[in-house]
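This report refers to the structure that appears directly beneath it.
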Amino acid sequence: MANVNKVFLIGHLTRDPEIRHTPKGTAIAEFGLAINRNYTNDQGEKCEDVTFVDITVWGKTAEIAGKYLSKGRQVYLEGRLQFSTWDDKQTGQKRSKLRVVGETIEFLGDPSGGTSQQPPERNRQESPISSAPPQAPDQPKPDNNYEIDEPF
C-alpha cells in the first residue's frame, strides 16, 4: 500500500525563527505559521478561520530561515507531518504534538511582512531554499529591492 506524507502551506510567520544547533552543529529553526481561510457561512456572512501550525526546518534551510525570515513574512512551505510524543518532566504525563517539518521554503510578499503590488518572485531553490531561478543571458534581472544576492 502506498503512503504519502506531504504538506503544502502558504501563511505568515507568527514569530521570528528560533535557531539552535545539535551537538554535531546542524542548525534547527522553529517558528509558527498562521494560515487564513476565508469562507461564507450558511447565513451568507463572510467569515475567516485561522489555523496556527508549528514548523521545524533543519540544516541550510534553518540557517537561511533564521537569517532572512521574521514575524509577519509570508512564505510558501512544502514539508511533511511529524507526530512526537514525550513524558512531561514536570507532571509526568504523556504529551504529544503534530508539527510540520519543512523541506522547501519560498519567500513571498515583501520582507516586512506586507504583500507587494506585483506578483511575488518565486524563490524556489534546488536544495531547500534558493535565490531566483537562473536568468537567460539576454533577460534583465528582476528589479526587486528585497532580492537576496548571496549564493546558496
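The modelled label-to-label distance for the pair Glu45/Lys6, using points 7 Å beyond Cα in the direction of Cβ, is 3.8 nm. A cut-off under 11 angstrom between Cβ atoms defines the neighbours of Gly79, and their net charge, with Lys, Arg +1 and Asp, Glu -1, is +1.
Highest mean packing first, where packing is the average number of other Cβ atoms within 10 Å per residue, the peptides 18-27, 37-46, 51-60, 77-86 line up as 51-60, 77-86, 18-27, 37-46. Protection proxy ranking for 65-74, 93-102, using the average of other Cβ atoms within 10 Å per residue and placing the highest first: 65-74, 93-102.
Each value in this text was obtained by applying a stated rule to the coordinates, not by laboratory testing. Computed from a predicted structure; not experimentally measured. For neighbour counting, all protein chains shown are included, and Cβ atoms are generated from backbone atoms with ideal geometry for every residue, glycine included.
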